[in-house]
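The values are calculated or read from the model by the stated rules, or taken from the named source; none is laboratory data. Owing to the predicted nature of the structure, the values given are computational and were not obtained by experimental measurement. Glycine also receives a Cβ, built like all others from the backbone with ideal geometry; neighbour counts cover every protein chain displayed.
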Amino acid sequence: MDAPNKQDLIVNQLHPFYFDDLHVRGCLVQLDARLIPDGQRQTENPASIDLVGQALVAVALMSSGLKGFESLLLQTRDMGPIQLLLAECTHEGHLRGAAHLRQGNIDSIEGGQLLMSLEAQGQRFQSIVPLATDLASSMELYYQRSEQLPTRLIIRSNSSRFAGILLQVTATTNPNQSLQDFEHALALLNTIKDEELLQLEPATLLNRLYHEHACRLLDGQTLHFVCRCSRERSLRALQTLGNDDLHELFVEQNGRVEVRCDLCRTPYIFVPTDVLTHH
Ligand SMILES: [Zn+2]
């Protein structure tokens, strides 16, 4: 195996940034596609993997503006071209998600609904917005309706990476000035090229965009893909079938039953002695 290069060590991190001279905050995320578990990448089509990668970027970006939260969950309602889309980011930087498209390739995700659930201090807050043509525009709509703070998201992907950047006005006593600052920062952001967002190191990227400004990059938070599935959970799920049905299942499956996690698609294999209870 090759030794990891410097850039490999910087991806899979959440990088908040802010400006000393503009009422704007931001966040940058670059994810290596290999963050998504092998089982999922091998069973879903590339368009679905691309969508889940973008959704993981989106929830990670959104989590950067939240204080005292436990988890942020993005889901879509089963309508339109998306059969399933789910992405979650916890305050510890644990990501998980899955996506399944009805067809291999789509031009637009429009047609369904986006459901955002935030868990904070033991309470759950939910918002629903219609899905726009892409995920970033859908999230902007969410911000417009929920926080009412001008927010811009850009999310890009290629076969090996997913990346995104978020800019948002910070609330101040001078909304006009803040809005001007935001528009200025946005005009500079719009000069970004897809490959720059995907490949450039965070400090280099921000310097390219905002060298005229006092832009400060905060320490990154490491992001991991962590699914809550386990062999024990799969075993318990299987045991709910009862001995008779299990016997039948093992006969059908030639003595070896595979349970796959719905989310990360990790397979758990069981033989009769693992599962059957004897009286
Ligand atoms: Zn799993």
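The number of residues in the range 178-192 that are of a type in the set (G, A, S) and crowded, with 19+ Cβ neighbours inside 10 Å comes to 2. So, T133, is that one in contact with a His (Cβ under 8 Å, 6 or more places away or on another chain), outside the structural domain of C261 (by TED's automatic domain parsing) and β-branched (V, I, T) or not? Answer is no for this residue. The residues of the range 95-109 that are more than 14 Å from the ligand (Cβ to nearest atom) and either out of contact with any strand residue (DSSP E or B) (no Cβ under 8 Å at 6 or more places or on another chain) or among the charged types (D, E, K, R) (or both), listed by number, are R102, Q103, G104, N105, I106, D107, S108. Give the range 12-52 a look and list any residue that's of a type in the set (F, W, Y) and touching a His at 6+ places or on another chain (Cβ under 7 Å), or say none. If the condition is that a residue be of a type in the set (F, W, Y) and touching a His at 6+ places or on another chain (Cβ under 7 Å), then F19 is the only one that fits. Among the conditions (1) within 19 Å of L197 (Cβ to Cβ); (2) of a type in the set (A, V, I, L, M); (3) in contact with a strand residue (DSSP E or B) (Cβ under 7 Å, 6 or more places away or on another chain), L74 misses just one, which is (1). Taken over the range 239-258, the criterion of being surrounded by fewer than 18 Cβ atoms within 10 Å (Cβ to Cβ), under 26 Å from E44 (Cβ atoms) and either within 16 Å of the ligand (Cβ to nearest atom) or among the hydrophobic types (A, V, I, L, M, F, W, C) (or both) is satisfied by L249, E258.
Residue check: E70 meets all listed conditions (1) over 21 Å from I165 (Cα atoms); (2) within 16 Å of the ligand (Cβ to nearest atom) but one, namely (2). Of everything listed in (1) hydrophobic (A, V, I, L, M, F, W, C); (2) closer than 28 Å to Q54 by Cβ; (3) within 16 Å of the ligand (Cβ to nearest atom), the single unmet condition for L206 is (3). For H213, the stated conditions do not hold, so it cannot be described as assigned to a helix (DSSP H, G or I), farther than 24 Å from K67 by Cβ and not charged (D, E, K, R).
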